[in-house]
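Inspection log for the structure reproduced underneath, given as structure tokens.
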Amino acid sequence: MAQPPRASEGQAHWSCIPVGFDGGESVFRLRRFLVVLCLLMGWSAPAAAHPHVWIVARSELVFDEGKLMGFHQTWTFDPAYSAIAVLGLDSHHNGKPDPDQLAELAKTYVESLEEWSYFTAVKVDGAQAEVARPTRYSQTFGRGQLTLRFFLPPQDRCEGPEGHRSRGK
């Protein structure tokens with residue numbers, strides 16, 4: 001059976017890593033080994049993953065007598081996010097989230113979205129227009145998906161295009 005090599009004076013062998021105490025080439029090899037080890041061990045930043053939420057968004061412009069009154073926004077969330085969002089909202093244990101719990105969740109969503117202008121960009125005559133807080137909002141759960149609806153008025157009323165005729169109200 002082969003014997004491990006004996007350490008010479010001033011040097012110790014730890015498995016395959018020669019550690020020198022004489023300041024010679026073995027110290028350089030140890031430093032190089034530690035650099036490679038750190039790179040292999042992942043001295044990189046930890047992954048900072050976050051969940052993504054997918055929505056199908058629909059916007060309807062609402063005009064009254066030629067003036068833009070606002071936007072009806074309808075956001076339908078993906079089934080995976082919807083399932084997580086409604087966990088614990090079924091206090092009656094009937095398999096459906098409680099309407100009052102959904103209303104509270106809608107309020108939280110709408111308040112949280114204000115920071116990002118409700119992910120709605122409005123331009124009037126090429127200039128950015130501000131939107132006001134939603135005046136009406138609600139949320140429903142059906143077919144395994146959450147749907148958030150809110151009415152988003154512009155900060156200032158805007159004139160519609162020439163000859164625009166609104167349908168409905």
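Brief remarks follow.
- LEU40 being modelled with pLDDT of 60 or more and either surrounded by 11 or more Cβ atoms within 10 Å (Cβ to Cβ) or not in a helix (DSSP H, G or I) (or both): no
- Wholly enclosed strands (runs of 3 or more DSSP E) of the range 62-132 bearing at least 1 residues buried (at least 16 other Cβ atoms within 10 Å of the Cβ): 67-77, 122-124
The values are calculated or read from the model by the stated rules, or taken from the named source; none is laboratory data. Please read all numbers here as calculations on a predicted model, not as lab measurements. Positions of Cβ are backbone-derived with ideal geometry, glycine not excepted, and every protein chain shown enters the neighbour counts.
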